[in-house]
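Worksheet: the structure to be examined is printed underneath.
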Amino acid sequence: MDHTAVKRLRGDVGDRLAEQRRHDAASGLPPMSGEDERQFARALIAQVLEEHARSEITFGRPPPNAQEEEELASAVHAALFGVGRLQPLLEDPQIENIDINGCDQVFLGYADGREELGGPVAENDAELIELVQVLAAYSGLSSRPFDTANPQLDLRLPDGSRLSAVMDVTLRPSVSIRRARMGKVFLADLVGNGTISPEIGSFLAAVVAARKNIMIAGATNAGKTTLLRALANQIPAEERLITVERALELGLDHFPELHPNVVAFEERLANMEGQGAISLAELVRRSLRMNPSRVIVGEVLGDEIVTMLNAMSQGNDGSLSTIHSNSSLEVFNRISTYAIQAAERLPVEATHMLIAGAIDFVIFIEKRNDFSRGGKLHRFVNSIREVTGIDGRVQSSEVFAAGADGRAVPHAPVSCARELAVHGYEPGQGAWR
């Protein structure tokens, strides 16, 4: 691929697209929708490529053949609306993580645990920043700035992958992309790949059916979101789900055959004047007024925790969320730390009372790289803890604890076992029916 030609052709198409926008605005026409603009751009690309072919003939050079022209068209469209030279990396099913420390320092993490150095994704750092800015303009519910005034960015790419980028606080722009390898995932899939045992699959299916509030904990890239999606896909199709996220990632609304009634909320950042911001905590409060069957908070990272716990303890049973933690037991202290920082400034004792009234189960998922076996990456549920009460601090019982290999095995009786039995869970009976 001639990336210089792609850049030039992209500039031509972008100029014509901008001219059409200006013409529509001057004529009083409404702006094109995102999909209409993409379709119009395809027509412009065909026009520009035809002019490019004529130019090549004029200068005595062979024009692109049909296959080359198709590849150029795809590359130009990706440069305008997609992910540019990142596209082949995102299309590789074996690549799980892409870490970019400047345009030519690209590190690829594979699903089997390997890490390799990849090729450049832009000609220079300025072009890399421009690529991220284009992605920010066309991803999520609203355009997100990425510039010296807004040097941090989090967003969801069209394929569901998560992108985090920073500039000006590092010597070179830095981008990390975590691939969404399993969008439509079920508990049976996680049993199949060893993330959970058949009995834990049966247990979790019953917990969701019994409308228990669940917090999923683990380290970065441990598989928390994948497990959350699998649990959400156990929720009956007739229930109304409201998801609340910093950047759209869960994508439950992308599968109407599973969840036809979904509203996805995304945090909105302030504009250049510092106005218009809508925080995660505000969205959680708003979700309670939207007649939800269940509220799902993609990831708890701050002061929204108090609002979320209040929501869980006020009749919104069956809620799901994720949190960063090093163990199932540490989750309670992590929540307390967030609550102290919230506007409510809850003391530890009050926070633990709130936790005990809101959360039923904590699931801890572990990520382990087995270097003795070639660095293969394993993800598995290591612990499931049931909240049983309060005595100054949260009381809990580890109903599934780490076995000899670190994977969770039955450890203690479940206090709500009779309730779960109604939904098909019987200890020791293996997979659900």
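The values are calculated or read from the model by the stated rules, or taken from the named source; none is laboratory data. Nothing here was measured: the structure is a model prediction, and the numbers come from that model. Ideal geometry is used to build each Cβ from the backbone, glycine not excepted, and the neighbour counts take in all protein chains shown. Note: accessible area is taken over every heavy atom of the protein model, side chains too, but ligands, DNA and RNA are not part of it. Shrake-Rupley method; radii C 1.70, N 1.55, O 1.52, S 1.80 Å.
Couple of notes before you dig in:
- Enumeration of residues in segment 187-203 that are closer than 21 Å to His378 by Cβ and either surrounded by fewer than 18 Cβ atoms within 10 Å (Cβ to Cβ) or among the polar types (S, T, N, Q) (or both): Ala188, Asp189, Gly192, Asn193, Gly194, Thr195, Ser197, Pro198
- Selection status of Ala111, within 28 Å of Gly11 (Cβ to Cβ) and either among the aliphatic types (A, V, I, L, M) or open to solvent by less than 70 Å² (accessible area, probe 1.4 Å) (or both): no
- Residue match in segment 301-312 (condition: farther than 22 Å from Ala247 by Cα, open to solvent by 10 Å² or more (accessible area, probe 1.4 Å) and either at pLDDT 85 or above or not in a helix (DSSP H, G or I) (or both)): no
- Unique match (being under 24 Å from Glu398 (Cβ atoms) and buried (at least 21 other Cβ atoms within 10 Å of the Cβ)) among Ala206, Ala210: Ala206
- Single residue of Ser27, Ser74 found to be within 16 Å of Val134 (Cβ to Cβ) and open to solvent by 40 Å² or more (accessible area, probe 1.4 Å): Ser74
- Arg286 being at pLDDT below 85, open to solvent by 60 Å² or more (accessible area, probe 1.4 Å) and more than 18 Å from Arg345 (Cβ to Cβ): no
- In the condition set (1) open to solvent by 40 Å² or more (accessible area, probe 1.4 Å); (2) more than 17 Å from the chain's Cα centre (by Cα), Asp99 is compliant with all but (2).
To keep it simple, each residue is scored yes or no on (1) closer than 27 Å to Ile335 by Cβ; (2) at pLDDT below 90; (3) small (Gly, Ala, Ser); (4) in contact with a Leu (Cβ under 8 Å, 6 or more places away or on another chain).
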{"position": "Val387", "(1), (2), (3), (4)": "yes, no, no, no"}
{"position": "Val394", "(1), (2), (3), (4)": "yes, no, no, no"}
{"position": "Ala401", "(1), (2), (3), (4)": "yes, no, yes, no"}
{"position": "Ala408", "(1), (2), (3), (4)": "yes, no, yes, no"}
{"position": "His411", "(1), (2), (3), (4)": "yes, no, no, no"}
{"position": "Ser415", "(1), (2), (3), (4)": "yes, no, yes, no"}
{"position": "Pro427", "(1), (2), (3), (4)": "no, yes, no, no"}
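- Qualifying strands (runs of 3 or more DSSP E) (wholly inside segment 52-169; at least 2 residues being modelled with pLDDT under 85): 152-156
- Of all residues making up segment 82-96, the number that are open to solvent by 20 Å² or more (accessible area, probe 1.4 Å) and in contact with an Asp or Glu (Cβ under 7 Å, 6 or more places away or on another chain): 0
- Close pairs (6 angstrom Cβ cut-off, 6 or more residues apart or separate chains): more than 13 Å from Ile177 (Cβ to Cβ) in segment 86-103, open to solvent by 30 Å² or more (accessible area, probe 1.4 Å) and assigned to a helix (DSSP H, G or I) anywhere: Gly102/Asp125; Cys103/Asp125
- Considering segment 321-355, the residues that are open to solvent by 70 Å² or more (accessible area, probe 1.4 Å) and in contact (Cβ under 8 Å) with a residue 12 or more places away in the chain include one that is nearest to the chain's Cα centre (by Cα), namely Asn326.
- Annotation note: of Val191, Val207, the sole residue that is among the hydrophobic types (A, V, I, L, M, F, W, C) and within 29 Å of Ile305 (Cα to Cα) is Val207.
Let's see how each residue does on (1) in contact (Cβ under 8 Å) with a residue 12 or more places away in the chain; (2) closer than 30 Å to Val409 by Cβ:
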position	(1), (2)
Ala209	yes, yes
Ala230	yes, yes
Arg240	yes, no
Thr243	yes, no
Ala247	yes, no
Leu252	yes, no
Pro256	no, no
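- The set of residues in segment 30-51 that are open to solvent by 60 Å² or more (accessible area, probe 1.4 Å) and in a loop (DSSP other than H, G, I, E, B) comprises Pro30, Pro31.
- Residues within segment 14-51 that are closer than 21 Å to Arg85 by Cα, over 31 Å from the mean Cα position of the chain (by Cα) and touching a residue at least 12 places away in the same chain (Cβ under 8 Å), tallied: 5
- Looking only at segment 208-222, and only at residues there that are among the small types (Gly, Ala, Ser) and more than 21 Å from the chain's Cα centre (by Cα), the one that is nearest to Thr388 (Cα to Cα): Ala210
- The conditions of being open to solvent by 20 Å² or more (accessible area, probe 1.4 Å) and in contact with a Pro (Cβ under 7 Å, 6 or more places away or on another chain) are met by Arg240.
- Residue in segment 192-201 that is over 12 Å from the mean Cα position of the chain (by Cα), of a type in the set (D, E, K, R) and within 18 Å of Ile384 (Cα to Cα) present: yes
- Any hit, segment 398-407, residues being open to solvent by less than 20 Å² (accessible area, probe 1.4 Å), of a type in the set (D, E, K, R) and at negative phi: no
- Only residues that are in contact (Cβ under 8 Å) with a residue 40 or more places away in the chain and under 17 Å from the mean Cα position of the chain (by Cα) were counted across segment 265-283, and they come to 2.
- Within segment 160-180, the residues that satisfy the criterion of being surrounded by 16 or more Cβ atoms within 10 Å (Cβ to Cβ) and within 13 Å of the chain's Cα centre (by Cα) are Gly160, Ser161, Arg162, Leu163, Ser176, Ile177, Arg178, Arg179, Ala180.
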